[in-house]
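Let me begin by presenting the structure, written as structure tokens, before commenting on it.
The values are calculated or read from the model by the stated rules, or taken from the named source; none is laboratory data. What you are looking at is a predicted structure, and each value in this text was computed from that prediction instead of being measured. Positions of Cβ are backbone-derived with ideal geometry, glycine not excepted, and every protein chain shown enters the neighbour counts.
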Ligand code: ADP
Ligand code: MG
């Protein structure tokens, strides 16, 4: 398919701290307050005018919905995981729309924020379906773990450090973003700065192809950093910025000699990743997402936290990686 070419453009992937403060109560008021701090920075970035697309994680939000399911199961039939994924896209997207819109107005930026419920195709043959390893939801006791394994067929894994069991689900790789074509049209050269689309929240709703040509949801979650990388490439955006709760990537993280990375070449980042500098499930998928993005034609990859995002995009903070 012929794609409208874009010269620049930014995808910001919001995670952890940008959405929910650790140690909070998880109330909606808290989420709004947290989002207000986040959108102040996003509005500044949006005022630059180029294409801007947002995506976000959904770990805590999925956890809350799973718990609501659990507590209500006697009265209200539980919803499967793909439906919960769609619900989190709705609630976080709505929150971003609610808070970012006035922040844009204040800066006299006329862009509409819109949320696209996004499905992400995954392969049935993905090895992750045979090896579920992404922990979701709360911690369970030995008794509960035994019961849920038997009654619900859940895979459970013991977390020694926290002394509890967690449900683990498959985390297959995103293969194709089904709403990609539509959003690409929104971002054609003439309209790019009219919108701020919020897409592929929580990594997208995992779906597999059906024999009849349709798609159906599966009990899995997709890594939001890998999904962000795929979305940024699909939309020909040249910069991928992953916003987390630390101001960048470090080597010897939380060990003696810890060193925060500033400007790094792609080759150097690949070397550090191969040397195991980044933890699985947290920093490693971000780095992998960035490497994939740059290897497939992306120009710039940035890791920052919310307070440092705007400066990181100007090359003054965060970890910045360029294709070599
Ligand atoms: P998010 O919700 O933003 O995806 P994650 O918890 O998945 O957040 O990933 C961010 C975390 O990665 C940081 O809080 C940090 O504890 C951890 N981390 C692991 N290895 C590193 C590293 N080498 N440099 C920086 N942070 C790291
Ligand atoms: Mg994460």
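A few points about this structure:
- From the list 23, 59, 63, 90, the one residue that fits, being more than 18 Å from the chain's Cα centre (by Cα) and surrounded by fewer than 21 Cβ atoms within 10 Å (Cβ to Cβ), is 23.
- Residue check for residue 101: part of a helix (DSSP H, G or I), touching a strand residue (DSSP E or B) at 6+ places or on another chain (Cβ under 9 Å) and buried (at least 21 other Cβ atoms within 10 Å of the Cβ): no
- Cβ-Cβ under 8 Å pairs, at least 6 apart or on other chains, segment 143-155 side under 13 Å from residue 168 (Cα atoms), far side in a helix (DSSP H, G or I): 154/148; 155/149
- Residue within segment 74-81 that is touching a residue at least 40 places away in the same chain (Cβ under 8 Å) and in a helix (DSSP H, G or I) present: yes
- Check on residue 186, at pLDDT below 95 and either in contact with a strand residue (DSSP E or B) (Cβ under 7 Å, 6 or more places away or on another chain) or within 16 Å of ligand 1 (Cβ to nearest atom) (or both): yes
- Residue within segment 111-119 that is more than 16 Å from ligand 2 (Cβ to nearest atom), more than 28 Å from residue 217 (Cα to Cα) and in contact with a helix residue (DSSP H, G or I) (Cβ under 7 Å, 6 or more places away or on another chain) present: yes
- Contacts under 6 angstrom Cβ, first residue in segment 272-285 being closer than 20 Å to residue 222 by Cβ and within 11 Å of ligand 2 (Cβ to nearest atom), partner assigned to a loop (DSSP other than H, G, I, E, B) and at pLDDT 95 or above, 6 or more apart: 283/249; 284/278; 285/223
- Of all residues in segment 176-193, none are closer than 30 Å to residue 312 by Cβ, outside any loop (DSSP other than H, G, I, E, B) and within 16 Å of ligand 2 (Cβ to nearest atom).
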